[in-house]
Every structure is written in structure tokens, then in C-alpha cells.
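FYI, it's all coordinate maths here, none of it is from the lab. Remember, it's a predicted structure, so these values are computed and weren't measured experimentally. Positions of Cβ are generated from backbone atoms using ideal geometry, with glycine treated the same way; all protein chains shown enter the neighbour counts.
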Amino acid sequence: MKTLVVANQKGGVGKTTLLVHMAHYAAEAGNRVLVIDLDPQCNTSSSLEAFASDIVASVLFGPQSIDLKQKPEHRITLIGADSDLIEIDRGRLDAAQAFVHQVRRLADSSRFDLCLIDTAPALGLRMMAAVTAANYVISPIELQAYSFDGIAAMLKTIYGIRQKLNPGLQFLGMLPSRVDAHSPAQKANLVEVLQKHSDRVIRKVITQRTTIGEAASAKKPVWAIRKTSARDASQEMQAVLAHIIEKMGGLSHGV
């Protein structure tokens, strides 16, 4: 099982959009996908509620072994967010260690091909635990000037965890997301990001499109929206997802 964390300390950058589409994309290719939602806002949990298990995410921070039941008719299994997650960041470091153990135990069980972890937009214990447990991490970013302030802190956190806790971690890069294709300011900001972080930016973007919002409301991937206007969004999204999976070295089942 490969584990990918989607992380950014700022909210509203398209984390959930990316993760939910990745879950559907990988599952439709035949992979067994585990999704763990660590954000009490529950956006990922809401989008994937049809695949919910009877386990909630806060349980993963405890010592007890979990008995995760999968629905045989589904290739996606969700461990949904719950309100008790809010207390985790105020807890002890051993809670993070318990989470890492639980995720690695699931990886060793060979029950899943891919684990996707959504994190809250905060540099807390939950994010540290998720990144420590992961093989890969990706950070969607907005091309707004005020969004750049947190990039350095986010990179410092990721590389700090890799150095001290998870030497095998691979940072896949920052993914420009929710991009306004008609904004000269955002085009200029993209050039700036590429200049400052050329080796850390994924050379693809997710454009801001109304059909992605419609897909979120329908709790479907954008390629399941039967509208002509969804065609470009679908092609762009699938190209991004295929590129990310390629950077991860592929999955058990091709995409």
C-alpha cells in the first residue's frame, strides 16, 4: 500500500477536490483505496459518505487495534472525520505514534493498494502524524499573493519531518489549484512560484471551473457529470491525477 497525504496549512486551496478525485480515479482503475479524513470540517467525509466504514478517524490515534470492515461492492473505504479529532492536537505525542502504527499496520495487511489522507489546514499533531505515516505528500496551493506566506512554513514542516521522523518521505511538490486562467495576477504569481521553487512545483494546474463545483455537490468525480462543459475539466483533472500517480511510481493496477 502506498500512502499519499494531501496537506497545506491554508484552507480553501482544493485539497478535498484533489483527494476525492484521486480516490475515484484510482478505484475505477481497479485499486482498493482507503481514505482517512483528519479534518473535522468533514468535507472529504461528506463527499465519500457512500463508502463510509464503521470506524471514525480519532480511533486511529488510540492504542486499540481496529477491525476495519470493507464493503465488498466498493473499492473505496472511508474512515471519516469526527469531532473528537479537535482534541488530538492538544494531546500527547504518543497519539501521533499510535496513528503511524495503525496506518503502517493497514499497509502491511495488503488489504489496500492506496491510502489517501486528508489533513486539516493547521500545522498540528494530526498533520505531523499523517506526514510521518506517509510515503508521499503533495501540497495544493492557490496562486494568490497572500497564499504564499505559508509556503515556507509548510515546506519547513515537511522537510523537518522527513529529516527527523520519516526519511523515506517523498515530497511530490506544490500543485497550483483553483487557478483563474483569465487572471494576469495569477499568471504572474505562477511565474514567481516557478522562479522561487522551480524544483518543487508540479508543472500542471487545476483550473477553477463551475463543473468541479457541480461535481462536488453531486458527490461525483467531474468526469461523471454528463455535460459538454465538463469535458475540459475532466481531461485536465485526469491528466493531473495520472501525473501524480506516475511520480509515485504507479499503483498495483494501472490508470
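Could you compute the net charge surrounding ARG75? Neighbours are other residues with a C-beta less than 13 Å from the C-beta of ARG75; K and R count +1, D and E count -1. Summing Lys/Arg as +1 and Asp/Glu as -1 gives 0. Computed over the chain with a Gaussian network model linking Cα atoms closer than 10 Å, the most mobile of ILE76, ILE161, ILE206 is ILE161. The value for the stretch 1-140 of Rg(Cα) / (2.2 N^0.38 Å) is 0.93.
Rounded to the nearest 20 debye, the dipole size of the stretch 2-247 about its Cα centre is 520 debye, using +1 on the Cβ of Lys and Arg and -1 on the Cβ of Asp and Glu. Dividing the C-alpha radius of gyration of the chain by 2.2 N^0.38 Å, with N its residue count, gives 0.96. Hey, in the GNM for the chain with a 10 angstrom Cα cutoff, which one of VAL137, VAL35, VAL56 fluctuates hardest? Its mean-square fluctuation being the largest, the pick is VAL56.
Taking label points 7 Å from Cα along the Cα-to-Cβ direction, GLN163 and ASP94 give a separation of 2.9 nm. Largest GNM mean-square fluctuation across ASP113, ASP37, ASP54, computed for the chain with C-alpha springs under 10 Å, falls on ASP54. Taking every full run of DSSP H in the chain, the ones that stretch at least 24 Å from end to end by Cα along their long axis and average -1.0 or higher on the Kyte-Doolittle scale are 230-247.
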